[in-house]
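**Student:** Here it is, the structure in full.
The values are calculated or read from the model by the stated rules, or taken from the named source; none is laboratory data. From a predicted model like this one, the values you see are computed outputs, not experimental measurements. Here the Cβ is made from the backbone with ideal geometry for all residues, glycine too, and neighbour counts use every protein chain on show.
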Amino acid sequence: MLNLTVKGGRRRRVPLPPVLAHVLDEMIAERGGPAEGPLFLTPTGLPIYELYVHRLIRRLARRAGLASASALSPHSLRHTATTEILDATGGDLRPA
């Protein structure tokens with residue numbers, strides 16, 4: 001289980017697939033096994049923040065040669081992932 005702090009400072013426990021839990025346990029162990037704190041850090045050791053993620057996505061997209069790199073954002077990737085999942089599963093989000 002992963003303990004998260006979500007909007008409004010509320011706490012939430014999220015179950016993780018065993019493979020993901022194992023990888024996260026290894027990552028945390030490499031940091032000395034802290035019991036709490038940010039899960040993901042920047043290369044300088046700071047907690048990741050919104051602007052960092054935007055810049056990272058655009059930098060990786062440019063490196064991959066994507067023409068639309070400057071227009072990408074975490075939100076647009078979320079939309080793309082959702083669309084791909086719905087297309088692959090035949091799902092539909094429209095009300096019946």
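**Student:** When you scan segment 1-59, how many residues do you find that are among the basic types (Lys, Arg), at pLDDT 90 or above and in a helix (DSSP H, G or I)?
**Tutor:** 3
**Student:** Here's a follow-up. Across segment 3-52, which residue is nearest to Ser73 (Cα to Cα) among those that are of a type in the set (Lys, Arg) and exposed (fewer than 10 other Cβ atoms within 10 Å of the Cβ)?
**Tutor:** Step by step, filter segment 3-52, then rank; the result is Lys7.
**Student:** When you scan segment 62-74, how many residues do you find that are touching a helix residue (DSSP H, G or I) at 6+ places or on another chain (Cβ under 8 Å) and at pLDDT below 95?
**Tutor:** 6
**Student:** When residues of segment 60-90 are filtered for being assigned to a loop (DSSP other than H, G, I, E, B) and surrounded by fewer than 10 Cβ atoms within 10 Å (Cβ to Cβ), how many remain?
**Tutor:** 5
**Student:** Go through Leu72, Leu20, Leu93 for me and flag whichever is out of contact with any strand residue (DSSP E or B) (no Cβ under 6 Å at 6 or more places or on another chain) and over 30 Å from Met1 (Cβ atoms).
**Tutor:** Every option except Leu72 fails the conditions.
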